[in-house]
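First comes the structure, then the notes that go with it.
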Amino acid sequence: MSDETTPICSAKGCRTAAVWVLAWNNPKLHTPERRKTWLACDEHREHLSQFLGVRGFLKDVVTLAEWERSASDH
């Protein structure tokens, strides 16, 4: 992948390639089946997961490769 198309981490200021997808939703705003996503590098996965988790928003954490495979199956 080129630099322009490489998914990057969603952590503020991070420009590292993403390895993880954090699927979440805010039940006050989204229907239960809706999934928003944040991307994370190895370094920021835990921090971003905790941020979403304490709010009750985190639904799933999977590798980017697994997420892309799942999306191509639909």
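The values are calculated or read from the model by the stated rules, or taken from the named source; none is laboratory data. Just so we're clear, the structure is a prediction, and the values are computed from it rather than from any experiment. Cβ coordinates were reconstructed from backbone atoms using ideal geometry, including for glycine residues, and neighbour counts include every protein chain displayed. Calculation scope for accessible area: heavy atoms of the full protein, side chains included, ligands and nucleic acids excluded. Shrake-Rupley method; radii C 1.70, N 1.55, O 1.52, S 1.80 Å.
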Expected single match for free of Cβ contacts under 8 Å to residues at least 60 places away in the same chain and open to solvent by less than 70 Å² (accessible area, probe 1.4 Å) among PHE57, PHE51 is PHE57
Could you grab the pairs with beta carbons closer than 9 Å, sequence gap of 6+ or different chains, first residue in region 9-30 and farther than 14 Å from THR63 by Cα and without any contact (Cβ under 8 Å) to a residue 60 or more places away in the chain, second one of a type in the set (S, T, N, Q) and open to solvent by 10 Å² or more (accessible area, probe 1.4 Å)? SER10/THR37; TRP24/THR37; ASN25/THR31
Of the criteria (1) more than 12 Å from the chain's Cα centre (by Cα); (2) at pLDDT 95 or above; (3) in a loop (DSSP other than H, G, I, E, B), which one ALA11 fails: (1)
Looking only at region 20-43, count how many residues are open to solvent by 50 Å² or more (accessible area, probe 1.4 Å) and either in contact with a helix residue (DSSP H, G or I) (Cβ under 6 Å, 6 or more places away or on another chain) or on the phi > 0 side of the Ramachandran plot (or both). 2
Under 8 Å between Cβ atoms, at least 6 apart or on separate chains: pull out the pairs that start in region 33-45 with a residue that is over 9 Å from CYS14 (Cβ atoms) and end on any residue that is hydroxyl-bearing (Ser, Thr, Tyr). TRP38/SER10; LEU39/SER10
